[in-house]
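The block underneath contains the structure these notes are about, expressed in structure tokens.
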Amino acid sequence: MLSILRKARLKDKEMRILMLGLDNAGKTTIVKRIMNEDVTTVSPTLGFIIKTIDFMGGSVTIRIPAILTRHSGDVGGQKTLRSYWKNYFEKTDTLIWVVDATDRLRVGDCREELAGLLLEERLMGATLLVFLNKTDVEQCMSEDEVRERLGLDLIKTHKWTILPCSAMTGRNLNEGLEWVVQDAKDRLFLY
Ligand SMILES: Nc1nc2c(ncn2[C@@H]2O[C@H](COP(=O)(O)OP(=O)(O)OP(=O)(O)O)[C@@H](O)[C@H]2O)c(=O)[nH]1
Ligand SMILES: [Mg+2]
């Protein structure tokens with residue numbers, strides 16, 4: 001009996017993060033850095049990544065579907081990937097949208113993809129953390145610039161925040177996770 005209760009409690013404590021963003025944004029590197037793994041040998045992800053970490057007394061599962069992979073430049077392929085990616089929307093507590101602060105050329109794509117995601121019915125209850133990654137690079141876009149260019153202030157459907165970070169230096173990664181977990185605690189009474 002006790003063990004059943006314990007299991008139930010553990011299960012309740014699990015929160016689910018879906019991490020998305022254009023290819024090359026740094027999603028894999030962010031997760032590796034959070035897990036204290038070597039970040040010098042990251043290559044483009046072809047498959048699905050799922051990692052569970054213990055954080056602030058609960059377990060946090062981060063899922064990164066293979067998405068928006070533009071390496072092939074194949075539009076048909078992208079559509080196929082995107083429909084596959086929809087399988088992971090269910091039960092998402094928080095969406096982490098990773099933006100490459102050095103990618104000025106694709107900031108329009110980035111805005112479009114994010115706007116599309118926020119229309120997804122199954123993501124309606126999720127909060128949004130925008131990780132502005134690669135801020136260790138000089139001449140990268142500023143938080144204000146990205147906030148403006150992604151139209152973040154126009155988002156009324158989701159609670160959101162933006163944090164400049166770096167998977168290379170580790171800047172703000174824990175702070176981002178803390179925000180996400182605290183928000184889940186407040187909203188979902190998880191802990
Ligand atoms: N300078 C700098 N480079 C970074 C940072 N994060 C990631 N990178 C580099 O950006 C490139 C892409 O990183 P990935 O983690 O593979 O990006 P991804 O979003 O997982 O890409 P896909 O798997 O293709 O979708 C790699 O060369 C990383 O070393 C960062 O914070 N700063
Ligand atoms: Mg990757």
Legend entry - Residue selected from segment 13-62 under the condition closer than 19 Å to Val137 by Cβ and among the aliphatic types (A, V, I, L, M), by the criterion most open to solvent (accessible area, probe 1.4 Å): Val42
Legend entry - Residue count for segment 63-91, restricted to those that are open to solvent by less than 60 Å² (accessible area, probe 1.4 Å) and modelled with pLDDT of 80 or more: 5
Inset, instruction - List every residue pair whose Cβ atoms sit under 6 Å apart, with the two residues 6 or more apart in sequence or on different chains, where the first one lies in segment 40-55 and is assigned to a loop (DSSP other than H, G, I, E, B) and the second, anywhere, is open to solvent by 80 Å² or more (accessible area, probe 1.4 Å). - result: Pro44/His71
Legend entry - Among (1) within 17 Å of Asn174 (Cβ to Cβ); (2) more than 11 Å from ligand 1 (Cβ to nearest atom), the one test that Gly26 misses: (2)
Inset, instruction - Output the residues belonging to segment 132-168 that are more than 24 Å from Ala115 (Cα to Cα) and in contact with a helix residue (DSSP H, G or I) (Cβ under 9 Å, 6 or more places away or on another chain). - result: Ala167, Met168
Inset, instruction - Look at segment 155-168 and say how many of its residues are open to solvent by 90 Å² or more (accessible area, probe 1.4 Å) and either in contact (Cβ under 8 Å) with a residue 60 or more places away in the chain or within 16 Å of ligand 1 (Cβ to nearest atom) (or both). - result: 1
Inset, instruction - Provide a single number: the residues in segment 115-154 that are open to solvent by less than 40 Å² (accessible area, probe 1.4 Å) and within 16 Å of ligand 2 (Cβ to nearest atom). - result: 2
Legend entry - Number of the exception - Gln182 against (1) modelled with pLDDT under 95; (2) within 21 Å of Ile30 (Cα to Cα); (3) open to solvent by 80 Å² or more (accessible area, probe 1.4 Å): (3)
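The values are calculated or read from the model by the stated rules, or taken from the named source; none is laboratory data. These figures come from a predicted structure and were not determined experimentally. For neighbour counting, all protein chains shown are included, and Cβ atoms are generated from backbone atoms with ideal geometry for every residue, glycine included. Please note that ligands, DNA and RNA were not included when accessible areas were found on the heavy atoms of the full protein model with its side chains. Shrake-Rupley method; radii C 1.70, N 1.55, O 1.52, S 1.80 Å.
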